[in-house]
Ligand SMILES: Nc1nc2c(c(=O)[nH]1)N[C@@H](CN(C=O)c1ccc(C(=O)N[C@@H](CCC(=O)O)C(=O)O)cc1)CN2
């Protein structure tokens with residue numbers, strides 16, 4: 001068996017076209033949706049991701065508002081940037097790029113975001129609303145994964161899904177999304193304390209791996225025909241001394257799986273597209 005590839009790049013491009021049309025309608029009504037970013041420090045990965053977010057904005061007609069702070073920025077300076085975006089009417093939604101440099105509190109930064117402008121859906125109020133099943137901006141990576149599975153018609157209703165990784169940006173909210181009545185999957189959340197990971201992954205219809213452990217999921221760990229989603233993204237340095245990103249799925253899985261969302265090319269582009277969707281939805285909400 002060779003897996004059908006869940007092409008996140010093509011799907012994200014289609015979603016961006018849909019959003020472009022919705023942004024045009026908003027602009028006709030005199031509203032220019034705006035995405036803000038708070039970027040602290042000089043991590044090349046974070047700079048590349050933020051630059052990508054603003055390129056996406058330009059593509060679909062969303063205005064960009066950037067707050068770039070130096071690596072030695074204080075907590076007060078970060079909180080000042082957040083307070084300014086909270087007050088800026090041109091900003092419909094914004095994100096604080098994670099991780100923040102050591103010594104800065106991500107928790108305090110996220111809690112200061114106006115929940116109504118939380119484009120990442122990571123504010124405690126919005127995570128709480130997700131638990132309660134109330135409308136809220138959804139965290140971009142989990143939303144992107146569900147959207148990708150849905151658009152490729154991977155059966156979710158009644159499916160046994162194993163999510164590996166219990167982080168607040170992916171694993172935990174993903175479990176909440178997949179167990180809503182609309183998705184109706186049964187979710188097992190595995191993590192570093194799980195005793196027999198293979199026993200779980202082998203009986204799953206869908207394995208979503210967000211462990212940050214390169215090559216952790218090997219071909220012998222999945223049921224033939226299962227769907228596999230690689231969320232892992234770890235920077236490794238090769239024998240040539242060059243850095244590259246690698247996922248959590250080992251080579252060979254594509255020969256056993258029925259569907260594969262590979263890294264690169266699947267979850268990352270969908271995450272970016274969902275950020276735009278969250279901003280457009282916030283602007284549409286204001287228009288009423
Ligand atoms: N505030 C946030 N911080 C971070 C998030 C987030 O969603 N919100 N996620 C990651 C970084 N990230 C977006 O910010 C992100 C990571 C990777 C990709 C991506 O497209 N990856 C490519 C592969 C890598 C590459 O080619 O450069 C892929 O998967 O195809 C997009 C966004 C941590 N911080």
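Every number here is computed from the coordinates shown, using simple stated rules; none is lab data. Only a predicted model underlies this, so the values are computations on that prediction, with no experimental measurement involved. We place every Cβ from the backbone using ideal geometry, glycine too, and count neighbours over all the protein chains shown.
Please report Rg (one decimal) and Dmax (integer) in Å for the Cα set of the stretch 28-117.
When restricted to Cα atoms, the stretch 28-117 yields Rg and Dmax of 13.1, 44 Å.
Which whole number in µm²/s is D for the stretch 235-277 by Stokes-Einstein, with the Kirkwood Rh taken over Cα pairs at 20 °C and 1.002 mPa s?
Answer from the Stokes-Einstein relation: 172 µm²/s.
Between 232, 45, 171, find the one with the highest GNM mean-square fluctuation for the chain; connect C-alpha pairs within less than 10 Å.
Ranking 232, 45, 171 by mean-square fluctuation puts 45 first.
Running a GNM on the chain with Cα contacts under 10 Å, which residue among 116, 167, 241 ends up with the highest mean-square fluctuation?
241
So, in nm, how far is label residue 27 from label residue 250 when the simple model puts each one 7 Å beyond its Cα toward the Cβ?
5.0 nm
Between 225, 258, 133, find the one with the highest GNM mean-square fluctuation for the chain; connect C-alpha pairs within less than 10 Å.
133
Distance from the Cα centre of the stretch 47-122 to that of the stretch 175-212, in angstrom?
For the stretch 47-122 versus the stretch 175-212, the Cα centre distance is 31 Å.
Put one equal scatterer on each alpha carbon of the chain, apply the Debye formula with no solvent term, and list log10 I(q)/I(0) at q = 0.14, 0.16 1/Å to two decimals.
Rounded to two decimals, the profile gives -1.06, -1.32.
State, to one decimal in nm, how far the label point of residue 55 lies from the label point of residue 132, with both points 7 Å from Cα in the Cβ direction.
About 4.0 nm, to one decimal.
Among the DSSP beta bridges whose two residues both lie in the chain, what percent are antiparallel, rounded to the nearest 5? Could you put the intermediate results ahead of the total?
On the way: 4 of 35 bridges.
Bridges in the chain that DSSP calls antiparallel: roughly 10 percent.
By how many nm would the segment from residue 4 to residue 43 lengthen if fully extended, with 0.36 nm per residue of separation less the alpha-carbon distance? Walk me through the numbers on the way to the answer.
Details: separation 39, 0.36 × 39 = 14.04 nm, distance 3.46 nm.
In short, 10.6 nm is gained.
Determine the percent antiparallel among the DSSP beta bridges restricted to the stretch 140-269, to the nearest 5. If you can, show how the numbers build up before the last one.
Numbers: 4 of 21 bridges.
The answer is about 20 percent antiparallel.
Nearest 0.05, what FRET efficiency do residue 20 and residue 80 give at R0 = 25 Å with Cβ-Cβ as r?
Details: r = 33 Å, r/R0 = 1.33.
Step by step, r from the Cβ atoms, then E = 0.15.
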